[in-house]
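> Just passing along the structure, written as structure tokens.
The values are calculated or read from the model by the stated rules, or taken from the named source; none is laboratory data. Keep in mind it's a predicted model, so treat the numbers as computed, not measured. Cβ atoms come from the backbone with ideal geometry, glycine included; neighbour counts cover every protein chain shown.
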Amino acid sequence: MVVGDLTTGTELLVIGGGPGGYVAAIRGAQLGMDVMLVEMEEYGGTCLNHGCIPSKALVSATDLAHRAGRAERMGVFADPAVDLQGMIEWKDSLVDRLTTGIESLCKNAGVTPIEGRAEFAGQNTARIVQDEGTESVEFEHAVVATGSRPTEIAGFSFEEDQIIPSREALALESVPERMVVVGAGYIGMELATVYQKLGCDVTILEQFESALPGYEDDVTEVVRERAEKLGVSFRFGFQASEWQPGEAGLTVVGEDSGGERTAIDAEVCLVAVGREPVTETLNLGEAGIETDETGSVRTDEQARTSREHIFAVGDVSGEPMLAHAAFTEGAVAAEVAAGEPAALDYQAMPAAVFTDPEIGTVGMTEAAADEAGFEPVVGQMPLRASGRALTLDEREGFVRVVADEDSGFLLGAQIVAPEASELIAEVGVAIEMGATLADLTGTVHTHPTLSEAIHEAVKGAHDRSIHY
């Protein structure tokens, strides 16, 4: 490739090497397409390098230390010492290993990698901007997978040292004595738990009246109460409005729903109020691609944009901003581009929050099922009645399943428990396959396991529970 002198061509141009992009590239190559993948930073995107993987590494490490230090009633006495730098180095080694693995997967699949920034120069043309110049690429199909970035709020610029997004929170050189977290969504709650377990005094400010807005009250209550037991403080109905330098590092000022202003001192302020799509580098207008009111690229059930030969996958196409959704969207986009009969179906798309305990959900809640016209029937099993949960010294949490009373079809589930992110997959499979309460009731579950709680909840939905 001679930069600036040559126009190259490809069947499928993928812009962005995150979860949606690299999957689209590999799947396209598997289907026999000539594929170019353009990435301006690291393979794996935010999820692998600065989000899902590093955050879960720290969640696991800090949980291990915390549990070991508080297991006296299990007959275990320990006083773990945490080396934050050692923990960060371990986390980084995992990221490096996985990033290298993705590069190898793309290369082995026959994908042509290009380092640089891609922007549209027409409906079938893109420019690749590199340090040494630019080059044009003619494409038959393109997949936009440029991801998202943390949302800033007025008065809290990430250019200030004391105001940090999640990326910086995953790479702090030392544990601050005090931290303010703006936003009680999944990112704020996960990282608040990590740093509280490391010995930081964490205060979460949330403009809504509960943590994890969007989840049912009894789901979030378990997680909030556990966080409070750890020492996390909450200010609900609180709007952070400004900050100024303070003795500890900074002072965050805001007011509650009644108009009362409060100042909170901390060393650092993590802003975790959501994420927004990255589109400004793409020159979308040149390709005639439309965005919605949130700035997300509009797509249909086949991940097509307003130009049917151009697709958008992952966070850039809006909610659900989940890496596994991006995986699915990337595969569907590549298959449609290759002429395969593929389409997206979010009915059994799971979601997980890696708090303490974890949250796993899939499908409909009881309220959503009722609104959709079903006659919902609900079965629930508390963890305090689970033998395996008790052997893990876990008592708070539950498994709830929602089904249609007439047909018995599984419609959804909400799980608050250790390993909820793993447990929810069983219900996702059941929904995807059209399984009924009778199908799961007749499926023998290993004893003693946490998955038995799903079995009992399913049996409870038609009054057949034995253990609760």
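> Filter region 191-205 for residues that are under 19 Å from V416 (Cβ atoms) and either surrounded by fewer than 21 Cβ atoms within 10 Å (Cβ to Cβ) or free of Cβ contacts under 8 Å to residues at least 40 places away in the same chain (or both) and give the result.
The answer is Q196, I204.
> Restricting attention to region 438-459, and to residues there that are hydrophobic (A, V, I, L, M, F, W, C) and free of Cβ contacts under 8 Å to residues at least 40 places away in the same chain, which single residue is surrounded by the most Cβ atoms within 10 Å (Cβ to Cβ)?
L440
> Here's something else I'd like to know. One residue is enough: does region 237-257 have a residue meeting the conditions farther than 26 Å from V202 by Cα, among the aromatic types (F, W, Y) and free of Cβ contacts under 8 Å to residues at least 40 places away in the same chain?
no
> What are the residue pairs meeting all of these: first residue in region 120-145, first residue not assigned by TED's automatic domain parsing to the domain that holds A326, second residue modelled with pLDDT under 95 and among the small types (G, A, S), Cβ atoms under 9 Å, and 6 or more apart or on different chains?
Going by the 9 Å Cβ cut-off, there are no qualifying pairs.
> Here is a further query. Which residues, counting only those in region 412-425, are buried (at least 24 other Cβ atoms within 10 Å of the Cβ) and either among the polar types (S, T, N, Q) or over 10 Å from T361 (Cα atoms) (or both)?
Q414, A417
> Which condition number does S407 fail, the rest of (1) surrounded by fewer than 18 Cβ atoms within 10 Å (Cβ to Cβ); (2) on the phi > 0 side of the Ramachandran plot being met?
The number of the failed condition is (2).
> Taking region 258-309 only, how many residues are under 13 Å from F120 (Cβ atoms), in contact with an Asp or Glu (Cβ under 6 Å, 6 or more places away or on another chain) and either free of Cβ contacts under 8 Å to residues at least 12 places away in the same chain or of a type outside the set (A, V, I, L, M) (or both)?
2
> Further, regarding this structure: Scan region 181-190 residue by residue and report those that are surrounded by fewer than 24 Cβ atoms within 10 Å (Cβ to Cβ), in contact with a Gly (Cβ under 9 Å, 6 or more places away or on another chain) and either within 20 Å of D217 (Cβ to Cβ) or of a type in the set (D, E) (or both).
Result: G185, single match.
> Taking the options E247, E255, E242, name whichever one is of a type outside the set (S, T, N, Q) and outside any strand (DSSP E or B).
Just a single option satisfies the conditions, and that option is E247.
> Now a separate question. When you go through (1) of a type in the set (D, E); (2) over 20 Å from G285 (Cβ atoms); (3) surrounded by fewer than 19 Cβ atoms within 10 Å (Cβ to Cβ) one by one for E138, which number turns out not to apply?
Condition not satisfied by E138: (2).
> Please note which strands (runs of 3 or more DSSP E) are completely contained in region 130-190 and include at least 1 residues that are in contact with a strand residue (DSSP E or B) (Cβ under 9 Å, 6 or more places away or on another chain) and among the hydroxyl-bearing types (S, T, Y).
133-144, 148-150
> Kindly list, by first and then second residue, each pair from a residue in region 48-68 that is assigned by TED's automatic domain parsing to the domain that holds Y22 and surrounded by fewer than 21 Cβ atoms within 10 Å (Cβ to Cβ) to a residue that is of a type in the set (D, E) and outside any helix (DSSP H, G or I), limited to pairs with Cβ atoms under 7 Å and residues at least 6 apart or on different chains.
Once the first residue is assigned by TED's automatic domain parsing to the domain that holds Y22 and surrounded by fewer than 21 Cβ atoms within 10 Å (Cβ to Cβ) and sits in region 48-68, its partners that are of a type in the set (D, E) and outside any helix (DSSP H, G or I) give D63/D356.
> Conditions first: (1) at pLDDT below 95; (2) closer than 30 Å to T355 by Cβ. V59 passes all but one, so which condition is the exception?
Among (1) at pLDDT below 95; (2) closer than 30 Å to T355 by Cβ, the lone unmet condition for V59 is (1).
> Taking only pairs six or more apart or across chains, which ones have beta-carbon atoms under 8 Å, a first residue in region 85-112 that is among the small types (G, A, S), and a second residue that is surrounded by 12 or more Cβ atoms within 10 Å (Cβ to Cβ) and part of a helix (DSSP H, G or I)?
Pairs that qualify, where the first residue is among the small types (G, A, S) and the partner is surrounded by 12 or more Cβ atoms within 10 Å (Cβ to Cβ) and part of a helix (DSSP H, G or I), are A109/A25; A109/I26; A109/A29; A109/Q30; G110/A29.
> Within region 425-449, which residues are among the β-branched types (V, I, T), part of a helix (DSSP H, G or I) and more than 25 Å from the chain's Cα centre (by Cα)?
Scanning region 425-449 gives a single hit, T441.
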